[in-house]
Each structure stands twice: as structure tokens, then as C-alpha cells.
């Protein structure tokens, strides 16, 4: 008789799901090394006025003085509350907020802390990052740190230095040619970082939300025809010209009919959550894309309005959305959701909120003025559908 005990059965592997493409601290990170820590911090301070207007920038460093103090039996920079035994202290410093945690870094925690930053600059003397900028300061050679130089993107020459050392040339021989700039040329370095960041923008995929129950309409809203074809197909056609590809969010039982109609179905893996479930299902499929999401019940939506959304896309923020014509709130069902939206939406879901608008209202987004209010007019009832057909001619 076969042994069917749990210990005898093969170990069940965890479900394989797509993972976000995140480095040590964030999606877009650069370690700066090859100079004393003070010079690295000074460079970051020079770059910030050029970068901060368009990017949310974080800086990661270590505190030498605190470490030295702790080694000598001091507090290590901890104030009285942490010394007394508190595990954490959150302080409103009026002009900024400070969180002190009495525990070690972990790669998962540090990614979570900085998930809302669009760029992370890292002191590479202390921490690693996926890509690097190397300063060729003769007082801090990187000859013994070559293992940290995994993907060098820029070399910076201090005053008086005109050549790249031979050992570094040999190390970089297998990489594409690395550009070289003067360390003093702040504007050029900032422009390089902005260009590098733009080149790393996530692809834009389209998602038509068509999995609702249409209870007020009494029939599937996505199958109504206002433009000579089903509305879900019309919406997908609008997105096709500006997105890498277009999927149609649906309930599992709708998948076959969508395929027959020539559309690419995406059955909800987060069931019973309405639009939130559709958006999360898209991110579960591809957490490294930005998703341009539109509802299927917007028969007045035009290519011009979608073009405006794309033109004003701010990938440095969590999302780009239009202000609802009915109030000051963002309209979540015609929105570009950037990859870092995924974690935010999951967090709101864990707090008991299944409303994507709630996440937009309480996050750092690009909120655009309402375009033609007619474009955002949705149709939910038979009476509204008949009126829409008359208005559309």
C-alpha cells in the first residue's frame, strides 16, 4: 500500500509568479563610489537641484560618527527613547518626518521603505546598487572593489585627472563604452542621470476593464455597440495605437468569448474586487510594466484625451490621472498606473480598501486638469445608453 503521508509526498513548490525587477533599494538606483564619502555626498547635493524638480530622489548613506561612537561605548546616535528600549521612534520634525528603527537592514525592508522614490542614489563605499557611477579620485581607488562594478554607467574625472587607469579599462573591456565627464560639470552629470532614467522607463501596456457584472445595465456593458463594434473592442482599439499590447480584464467565464472576438483576455486572479481586482491581476501578470487602464463603459473617450494622458505621463510618480469632472478627485479608470502602484494597491487592499481611487487620493500622483468632461462620461444604465447613442449620432 502506498505511503500517502505528508512526509512521503513530494514537496509542493510555491506558485511561480512574476517578480518586480527591483535592485537593492529600488527600480532605478545608482551607486556612486571611487571617492571619499564627503565628496560623494557633495556631488549628490549638487545634483539634487537639477533632479528633484522632476524626480523623487532618495540618498542612501552610512553615518561614520555614529558607528565610531557606538564602538567606543556611546549611544551610537540613538536618542534617549531608543536607548530606553523603544524599537522605533517616529518624529514630526515640522519640515520633515524622521523614522528611527532599532533593527538591522534587510533587502526586503529597504525596498519597502524607498518604494515611493523614483531614483535612489547610493554611497557605493558602503552599499551596493545594480548600476554604478565611478569617480576616479586617486585618494580612493576602486582597484580592490572591482567586484562591485557590475554595470558601470558613467566615469567622472576630478580636476587634474585626464586618463582612466589601466586596471579599470581592462575591467570595463566587456561593457559598452562608458561615457566620461568632468566631476565639476554638474549640469552634464545631471542630464546624464535624467537621460539614463528616461531610457529605463517601463513599457506601457493597455488594460480594458470589462469584467464587471453590469447589474444596473441589465446586460454586459462591454458588449454594447456605440461605434459599430462592441465597446470593449472599441476601447481596446483606442489603446492599441499607444500601448505595447492590450489586454481585456474579464471574469474567467468570459475568456473564451473574448478570444473568439479577437481580443486578448486577462481573467481576474483577484476575484470579486471590481476594478481593483482587474488592475492587480494585470500587475500580477507583469509587475514591471506600466498599465494604461480604461473602463469599457466610456463611449465618449477619444484618442485625443488618451494622447493627452500619455503626453503628460509622469513616470516619476505613482500614477498619472485626470481629475474627475464631477469633483476634485482623480479618475482611476482612465489612468496610467506605474509599476510601483502594485505594492501600494496591495497595501490598501490589506487595510480593507478595494477602491483604486482611495489609493490615488492618498499617494503622490500626477493629477491633470479635466479634459473635455464629455470624454469621461460613463454609461451605467439602459437610459444612459440610449441617450449616449443619440448624442453620438
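The values are calculated or read from the model by the stated rules, or taken from the named source; none is laboratory data. These numbers were taken from a predicted model, which means no experiment stands behind them. Because the Cβ atoms are built from the backbone with ideal geometry, glycine has one as well, and the counts that use them run over all protein chains shown.
In the stretch 84-98, which residue that is touching a strand residue (DSSP E or B) at 6+ places or on another chain (Cβ under 9 Å) and in a loop (DSSP other than H, G, I, E, B) is farthest from residue 58 (Cα to Cα)? Full working, then the answer.
Just the residues of the stretch 84-98 that are touching a strand residue (DSSP E or B) at 6+ places or on another chain (Cβ under 9 Å), to begin with: 86-92, 97-98.
Now drop any that are not in a loop (DSSP other than H, G, I, E, B), which leaves 86-87.
On the way: 86: 26, 87: 24 Å.
Per the stated criteria, the residue is 86.
Quick one: would you say residue 272 is surrounded by fewer than 17 Cβ atoms within 10 Å (Cβ to Cβ), over 30 Å from residue 52 (Cα atoms) and touching a residue at least 60 places away in the same chain (Cβ under 8 Å)? First the steps, then the outcome.
Numbers: surrounded by fewer than 17 Cβ atoms within 10 Å (Cβ to Cβ): yes; over 30 Å from residue 52 (Cα atoms): yes; touching a residue at least 60 places away in the same chain (Cβ under 8 Å): no.
For residue 272, the condition - surrounded by fewer than 17 Cβ atoms within 10 Å (Cβ to Cβ), over 30 Å from residue 52 (Cα atoms) and touching a residue at least 60 places away in the same chain (Cβ under 8 Å) - is not met.
Which of the residues belonging to the stretch 20-50 are assigned to a loop (DSSP other than H, G, I, E, B), buried (at least 18 other Cβ atoms within 10 Å of the Cβ) and within 22 Å of the chain's Cα centre (by Cα)? Quick ask: steps written out before the conclusion?
Initial filter on the stretch 20-50 (assigned to a loop (DSSP other than H, G, I, E, B)): 20-28, 34-36.
Adding the requirement that they be buried (at least 18 other Cβ atoms within 10 Å of the Cβ) leaves 22-28, 34-35.
If the condition is that a residue be assigned to a loop (DSSP other than H, G, I, E, B), buried (at least 18 other Cβ atoms within 10 Å of the Cβ) and within 22 Å of the chain's Cα centre (by Cα), then 22, 23, 24, 25, 26, 27, 28 are the ones that fit.
Criterion first (within 17 Å of the chain's Cα centre (by Cα) and free of Cβ contacts under 8 Å to residues at least 24 places away in the same chain) does residue 362 satisfy it?
Values: within 17 Å of the chain's Cα centre (by Cα): yes; free of Cβ contacts under 8 Å to residues at least 24 places away in the same chain: yes.
So residue 362 fits the description; yes.
For the stretch 203-223, what are the residues that are surrounded by 19 or more Cβ atoms within 10 Å (Cβ to Cβ) and touching a strand residue (DSSP E or B) at 6+ places or on another chain (Cβ under 7 Å)?
204, 205, 206, 207, 208, 209, 210, 211, 222
For a quick check of your reading: which helices (runs of 4 or more DSSP H) sit entirely within the stretch 210-320 and have at least 1 residues that are under 20 Å from the mean Cα position of the chain (by Cα) and modelled with pLDDT of 95 or more?
On the way: elements: 231-240, 255-260, 275-285, 303-311.
Answer list for the stretch 210-320: 275-285, 303-311.
Looking at 385, 295 in this structure, which one is surrounded by 23 or more Cβ atoms within 10 Å (Cβ to Cβ) and within 26 Å of residue 213 (Cβ to Cβ)?
295
Quickly run through the stretch 359-381 and pick out the residues that are touching a strand residue (DSSP E or B) at 6+ places or on another chain (Cβ under 9 Å) and in a helix (DSSP H, G or I).
If the condition is that a residue be touching a strand residue (DSSP E or B) at 6+ places or on another chain (Cβ under 9 Å) and in a helix (DSSP H, G or I), then 359, 360, 361, 375, 376 are the ones that fit.
Kindly indicate whether any position in the stretch 102-122 is assigned to a loop (DSSP other than H, G, I, E, B) and modelled with pLDDT of 95 or more.
Applying the first criterion (assigned to a loop (DSSP other than H, G, I, E, B)) to the stretch 102-122 yields 102-106, 114-118.
Subset that is modelled with pLDDT of 95 or more: none.
No; the residues of the stretch 102-122 include none that is assigned to a loop (DSSP other than H, G, I, E, B) and modelled with pLDDT of 95 or more.
Please indicate, with yes or no, whether at least one residue in the stretch 132-140 is touching a helix residue (DSSP H, G or I) at 6+ places or on another chain (Cβ under 6 Å) and assigned to a loop (DSSP other than H, G, I, E, B).
The initial filter retains those residues of the stretch 132-140 that are touching a helix residue (DSSP H, G or I) at 6+ places or on another chain (Cβ under 6 Å), namely none.
Looking through the stretch 132-140, none of the residues is touching a helix residue (DSSP H, G or I) at 6+ places or on another chain (Cβ under 6 Å) and assigned to a loop (DSSP other than H, G, I, E, B).
Does the stretch 179-193 hold any residues that are part of a helix (DSSP H, G or I) and either modelled with pLDDT under 95 or in contact with a helix residue (DSSP H, G or I) (Cβ under 7 Å, 6 or more places away or on another chain) (or both), and which are they?
As a first pass, look at the stretch 179-193 and keep what is part of a helix (DSSP H, G or I): 186-193.
Those that are part of a helix (DSSP H, G or I) and either modelled with pLDDT under 95 or in contact with a helix residue (DSSP H, G or I) (Cβ under 7 Å, 6 or more places away or on another chain) (or both): 186, 187, 189, 190, 193.
Identify the single condition in (1) under 26 Å from the mean Cα position of the chain (by Cα); (2) modelled with pLDDT under 85 that residue 79 does not satisfy, given that it satisfies every other one.
(1)
Cβ-Cβ distance below 7 Å, separation of 6 or more or different chains: which pairs start in the stretch 158-174 with a residue that is surrounded by fewer than 11 Cβ atoms within 10 Å (Cβ to Cβ) and end on one that is modelled with pLDDT of 95 or more and in a loop (DSSP other than H, G, I, E, B)?
The qualifying pairs are 159/184.
Given the structure, is residue 340 free of Cβ contacts under 8 Å to residues at least 24 places away in the same chain and within 23 Å of residue 25 (Cα to Cα)? Lay out the reasoning, then the answer.
Details: free of Cβ contacts under 8 Å to residues at least 24 places away in the same chain: no; within 23 Å of residue 25 (Cα to Cα): yes.
Answer is no for this residue.
Before we move on, is residue 132 modelled with pLDDT under 95 and surrounded by 13 or more Cβ atoms within 10 Å (Cβ to Cβ)? First the steps, then the outcome.
Values: modelled with pLDDT under 95: no; surrounded by 13 or more Cβ atoms within 10 Å (Cβ to Cβ): yes.
Taking the combined requirement at face value, the residue does not satisfy it.
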